[in-house]
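Notes to accompany the following structure.
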Amino acid sequence: MWTQWRRKSSKKDEWIIRQGADGDDFYILQRGKANCYLKIGDGDRRVEKHVKTYGPGESFGELALMYNCPRAASIQAVSDVSVWALDRQTFRSVLMQLTAGKRSIYESFLSQVPILSTLDRYERSKIADALVERTCTAGERIIRKGDAGPESDNFYILVEGKVSAFKQLGNEQSVNVRDYGVGDYFGELSLLTSQARAADVTAVTECRLVQLDRHSFERLLGPCQDILKRNAEMYSKIDESIRKSLENISMSN
Ligand code: CMP
Ligand code: CMP
């Protein structure tokens with residue numbers, strides 16, 4: 001299929017895609033930057049809202065080809081850019097099965113995940129494209145406290161089953177600090193702080209997860225970062241209250 005890709009260039013400010021036009025090609029940006037704009041409002045009130053900036057390696061232009069509809073947004077070159085372009089027919093016969101498959105499986109699940117509720121449908125579909133599925137057996141350790149580095153750089157959302165987090169608080173043995181159910185997330189803290197994993201996370205039952213690597217987490221969950229950070233502030237409060245109840249128990253013994 002590699003031979004079907006055509007290299008194309010656009011000058012700064014040139015429109016690569018115009019919203020409402022027919023879709024011909026799917027694109028991967030090779031060099032430079034491009035902005036995506038959505039037309040919102042009607043008549044005189046119509047404005048083009050900047051929704052995203054693409055960098056090298058990122059793709060766009062799949063919607064019109066997948067759903068046989070007009071272009072849903074406009075894409076403009078921010079600098080001189082080079083793109084790889086793939087024609088509609090090849091995209092539909094080769095790439096679409098991959099993209100559409102994961103989107104249709106995960107679209108409704110992701111729409112019910114609370115942390116993703118501020119994202120629009122398109123942003124969630126990009127998460128569906130990037131996620132990697134994983135299954136775990138009961139008792140399997142998913143995250144090991146203290147791990148650091150690229151091989152442990154994943155963010156997780158629980159799709160099926162039960163998972164718990166454990167942490168050593170004071171001199172005590174590891175205690176259960178959190179239980180997770182379907183739609184909950186974990187493993188965000190070390191990605192937000194660039195520190196080692198702060199807790200062990202273990203599958204309580206057989207379970208199914210989806211994971212995003214650090215690059216996808218930063219690229220696709222950018223709009224959720226404030227909520228993730230605010231939620232993470234709760235950990236020290238939870239730890240403190242568990243620590244206190246452990247002290248009370250040991251004093252009463
Ligand atoms: P397509 O509709 O073929 O052409 C415009 C592209 O803009 C679209 O595919 C998506 O790849 C991309 N895009 C980026 N953000 C959005 C958005 N919020 N809504 C629709 N399309 C978007
Ligand atoms: P991270 O540090 O990347 O890996 C371990 C995860 O356990 C952590 O992110 C959180 O998602 C989760 N966790 C749950 N409870 C706590 C807690 N009390 N303190 C720290 N992390 C916790």
Q) Give me the log10 of I(q) over I(0) for the chain at q = 0.08, 0.11 Å⁻¹, as the Debye formula computes it from C-alpha points; what are the numbers? A) -0.42, -0.72
Q: Using only Cα atoms, find the angle between the long axis of helix 121-130 and the longest principal axis of the chain, and express it within 0 to 90 degrees, rounded to the nearest 10.
A: 70 degrees
**Q.** Cleavage-rule hits (GluC sites (Glu not before Pro)) in region 155-251: DSSP loop, at most 16 neighbouring Cβ within 10 angstrom
**A.** Glu172, Glu206, Glu233
Q: Would you mind computing, in nm to one decimal, how far apart the modelled labels at Gln30 and Asp226 are, each placed 7 Å from Cα along Cα→Cβ?
A: 3.9 nm
Q) Does region 123-215 classify as rounded, prolate or oblate by the C-alpha gyration tensor (a ≥ b ≥ c root eigenvalues; a/c under 1.5 gives rounded; else a/b over b/c gives prolate, otherwise oblate)? A) oblate
Q. In degrees between 0 and 90, to the nearest 10, how far off the longest principal axis of the chain does helix 96-111 point, with axes built from Cα atoms?
A. 50 degrees
Q. What is the sum of charges around Asp25, taking Lys and Arg as +1, Asp and Glu as -1, for the other residues whose C-beta is under 14 Å from the C-beta of Asp25?
A. +3
Q.
When a/c reaches 1.5 or more, the comparison of a/b and b/c decides; with that in mind, is region 40-122 rounded, prolate or oblate per its Cα gyration tensor?
A. oblate
Q. Setting aside same-chain residues fewer than 8 positions from Lys12, which aspartates and glutamates have a Cα under 13 Å from its Cα?
A. Asp80
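Coordinate-derived values only; no laboratory data. For clarity, every value in this text was computed on a predicted model and none was experimentally measured. Neighbour counts are summed over all protein chains in view; Cβ atoms, including those assigned to glycine, are modelled from backbone coordinates with ideal geometry.
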